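What follows is a short report on a single structure.
The values are calculated or read from the model by the stated rules, or taken from the named source; none is laboratory data. What you see is a predicted model; the values in this text were computed from it and never measured. Cβ placement follows ideal geometry from the backbone for every residue including glycine, while neighbour counts extend to all protein chains displayed. Accessible surface is based on the protein model in full, side chains and every heavy atom, while ligands, DNA and RNA are left aside. Shrake-Rupley method; radii C 1.70, N 1.55, O 1.52, S 1.80 Å.
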Amino acid sequence: MTATLLLVAFLVFAVGATIDLLAGIGAPLSRMLPYLAAAVGSGCLAASGALAVTGAPGEIGIGNLLGFGATALRVDPLAGLFLTVSGAVGVAVSLAAAGWARPEHRVHGRGLGSAWSLTLVGIALVMTAGGAFVFLIGWEAVTFAFYLLAGHRRGPTQTARDSFLTLAVGKASGAALLLGFLLLTSTSGSVQIDSWASVPDNGARQAAYVLLILGFGAKVGLVPLQIWMPRGYAAAPGPSRALMAGVAVNVGFYGLWRCLAVLGAPPTWLVIVVLLGAGFTALLGIAHATVQHDLARVVAYSSVENGGLIVAGWAVAASGALAGVPRLEVLGLLTATLQLVAHAMAKSALFLAVSTIEEATGSTELNDLSGLGRLLPWHGAGFAAGALTLAGLPITVGFVSEWFLLESFMQLFRVDGLGLQLAMAISGAAVALTAGFAAVAFVRILGLSVLGSAPSVAPPRDPADEGGWLGRIGVALPAFGCMVVAGLAPYEVGFIANGLAPVVPPHLVAQAIKSPWVLQPVFADFSILSPSWLWITFPVGLIGLAGLVLVLSRGAALRVRRTPAWHSATGGVSGPDRYTAFGFANPTRHVLANLLLTRTELRELDPEDPSGTNLGYTADVIEVVDHFLYRPLLSPLGWIVRAAKSLQSGRLDAYLAYMLLALVALIAAAAALS
């Protein structure tokens, strides 16, 4: 049954892509059908994965179809876990996309639905690949689909640049994976991924591990390969951002999990680098998210932050494996998986809401948005649920995952070796600081945009249209999941325990469940948390507090009192004197000035004004990785490109000479090595 569902998913995706290419975008139904097919296919992937996790793995033999030896598509518990998460979120995102695509002005041409299906096919191939080349085919499919999604809105020059950057980083990640796979294949003598467990711990294995982490890290946004993520996500149209950020990004995390299952822990020095890099990635991502003025870029930069948090949990697991502390390995992997689930649901809800906000208001500029909760109630509520989740606040699943993450870093005393302990301490401090600024970032956009007193923009073309009932269902499902999964966290942990069986023993993961309603960080008597009880105590406490206020005030709390608004940052002030998103983020620009390289300028707007009070203030930040790493490389890269272009003379004799020189060089190299 598991294999059958997987086959049905591939077939449905193919049908959806065919409809998009042949039927075109002339009729509403033809625009919606590719995404409805994607929703059905995603549901099949989720069902197939759930069956594998619960004890019914499946396999589809594809023989020697690729010419590199017999291989198969395998749905084992680990692949099933990731298929369940990606498929379930994919259903919601695809339904929302179908509602979004119905109006004719939103889809600009054929190909978007096909790219959507190609993304999901690539995800399924990566997560079920038994051999290296099937994995790489799936990986390249996702990369190419990202390029198509990011570049669908043709016209703006910046969109073309952003889509090309997305493709370039994706191709670099594929090249790193190819080199790593070739090293492992040449040592093991097989292209089958499971056979690489026999590769001895030597220089080739360590070099391969470095290449694999670089390849997977590029997809999940690890510094310094995160530069594509804010640009690529912002360039993609509508719900495509949710597909990329909430569903497809999981292929990178799956690769890291599979590496730990097959190759074991990386070398100590590499674990230290990953710990520090993940902590810095999380902090840098949330710092930029806090000060951005564009809503889409805020959410995109938070993806960089969450990528850092998830990889930090994975690095804790690798530290436990290195130190010979199985419970720490279990805790780190459980933590990272919980954070992955929270990110998939919350990021999908946020980007779905952002796409509707952009369509309804024509803007994603934070200072132009207010009262979105009244203007777009369904998507405003979905945005609120996603924001609260990524801020790590009760009673959301993000609170559970971040609690586990902080608890995992508190176990650093269980690790031997000063280097690992220091790296865990520094990374843990960065994660804790990230959690604090995440609350600032999402309180800013939630309070000023969603919960504003009145809409500051023109109403949408149809106030009742939030993508129709499909759009409402699409955003409601992940938003609802952000809340409900927190209350059912013990069951979530039990499901994850079965899914992680190829990496760590399920009975150790299950020890995170202290009792049916109480969780602990695997280590007994360290600390406990009951997300289920929070779902009961929080509403009861809120109702009790409200009742107490009413009794003590003798009903006066319900009376409306109107007073003149004080000229300051209060909610009653409008116009240039109101509190803006820029003003709210200004303290962050100064607190993290050394990280963001904040530049400020105070200037006189009217030099002839004798009072000298007409002043203007501007503040800007710098993307340090782009500014200090990539921009200095542009000049030598341009020189190389110009030199390569000069070799393209168009003369046959010149090309024959190049071939002769290359042949002589190869013969000389072979002679030197023999």
Going through the stretch 275-304 one residue at a time, which ones are closer than 17 Å to Leu592 by Cα and of a type in the set (Asp, Glu)?
none
Which residue is modelled with the lowest pLDDT, if the candidates are limited to the stretch 238-295 and must be among the small types (Gly, Ala, Ser) and not in a helix (DSSP H, G or I)?
Gly238
Since Tyr147 meets every condition but one in (1) open to solvent by less than 40 Å² (accessible area, probe 1.4 Å); (2) under 19 Å from Ala248 (Cα atoms), which condition does it not meet?
(1)
Please go through (1) open to solvent by 10 Å² or more (accessible area, probe 1.4 Å); (2) in a helix (DSSP H, G or I); (3) out of contact with any Asp or Glu (no Cβ under 6 Å at 6 or more places or on another chain) for Ala97 and return the number of the only condition it doesn't satisfy.
(1)
Taking the condition within 16 Å of Leu256 (Cα to Cα), among the hydrophobic types (A, V, I, L, M, F, W, C) and touching a residue at least 40 places away in the same chain (Cβ under 8 Å), does Leu177 pass?
yes
List the residue pairs whose Cβ atoms are under 9 Å apart, where the first residue sits in the stretch 534-558 and is of a type in the set (Lys, Arg), the second is open to solvent by 90 Å² or more (accessible area, probe 1.4 Å), and the two are 6 or more positions apart or on different chains.
none
Go over the candidates Ile60, Ile19 one by one and state the one that is among the aliphatic types (A, V, I, L, M) and in a strand (DSSP E or B).
Ile60
Considering only helices (runs of 4 or more DSSP H) wholly within the stretch 307-396, the ones with at least 1 residues that are closer than 23 Å to Gly428 by Cα and open to solvent by 10 Å² or more (accessible area, probe 1.4 Å) are 326-361, 377-390
Keeping to the stretch 170-225, report how many residues are open to solvent by 40 Å² or more (accessible area, probe 1.4 Å) and of a type in the set (Lys, Arg).
1
Any residue at all in the stretch 124-143 that's open to solvent by 20 Å² or more (accessible area, probe 1.4 Å), in contact (Cβ under 8 Å) with a residue 24 or more places away in the chain, farther than 29 Å from Val40 by Cα and not hydrophobic (A, V, I, L, M, F, W, C)?
no
For the stretch 20-31, check the following and say yes or no: at least one residue is at pLDDT 90 or above, more than 24 Å from the chain's Cα centre (by Cα) and open to solvent by 30 Å² or more (accessible area, probe 1.4 Å).
no
Filter pass, Pro34 being within 23 Å of Phe135 (Cα to Cα) and not small (Gly, Ala, Ser):
no
Residue pairs within 8 Å by beta carbon, gap of at least six or interchain, first lying in the stretch 208-220 and under 8 Å from Cys259 (Cβ atoms), second small (Gly, Ala, Ser) and assigned to a helix (DSSP H, G or I), listed first then second, are Tyr209/Gly180; Leu212/Ala176; Leu212/Gly180; Leu212/Gly255; Phe216/Ser173; Phe216/Gly252; Phe216/Gly255
Of the conditions (1) polar (S, T, N, Q); (2) out of contact with any Ser or Thr (no Cβ under 8 Å at 6 or more places or on another chain); (3) touching a residue at least 60 places away in the same chain (Cβ under 8 Å), Gln421 fails just one. Which one is it?
(3)
